[in-house]
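Step one of this worksheet: look at the structure below.
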Amino acid sequence: MFKDFTPPKGYRILKIAPNYIIGELIYNLLVSEGFHPQILSSSFPYTDPVYMGRGLPVYVIIPEGEFEEAQKILESQNFEE
């Protein structure tokens, strides 16, 4: 994983999911609770996801104003750090 990743302005990294499927679970949970997350591949722009598949870690980012509440939701659903 690339430690020098900086999310876009106005966003924070909420979670680094081990793969895209877990990232989608987190994303769908947050969307169902009214949040506005995004999923970004840890490989972009370094590799082509078509070749690497969905097995690489992904960043789940969220607007800064929603960060603390979203963290509480993940903790209540036992998504471990």
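Any residue in the range 63-75 that is on the phi < 0 side of the Ramachandran plot sitting within a Cβ distance under 6 Å of a residue that is assigned to a helix (DSSP H, G or I) and surrounded by 11 or more Cβ atoms within 10 Å (Cβ to Cβ)? List the pairs, counting only those 6 or more apart or interchain.
Pairs that qualify, where the first residue is on the phi < 0 side of the Ramachandran plot and the partner is assigned to a helix (DSSP H, G or I) and surrounded by 11 or more Cβ atoms within 10 Å (Cβ to Cβ), are Ala70/Leu30.
Out of the range 14-29, which residues are of a type outside the set (A, V, I, L, M) and in contact (Cβ under 8 Å) with a residue 40 or more places away in the chain?
Lys15
Quick one: how many residues across the range 1-21 are surrounded by fewer than 17 Cβ atoms within 10 Å (Cβ to Cβ) and assigned to a helix (DSSP H, G or I)?
Total satisfying the criteria: 1.
Name every residue in the range 26-51 that is hydrophobic (A, V, I, L, M, F, W, C), surrounded by fewer than 14 Cβ atoms within 10 Å (Cβ to Cβ) and at pLDDT below 95, in order of residue number.
Within the range 26-51, just Val50 meets the criteria.
The values are calculated or read from the model by the stated rules, or taken from the named source; none is laboratory data. Please read these numbers as outputs of a predicted model, since none were measured by experiment. So basically every Cβ, Gly included, is an ideal-geometry build from the backbone, and we count neighbours across all protein chains shown.
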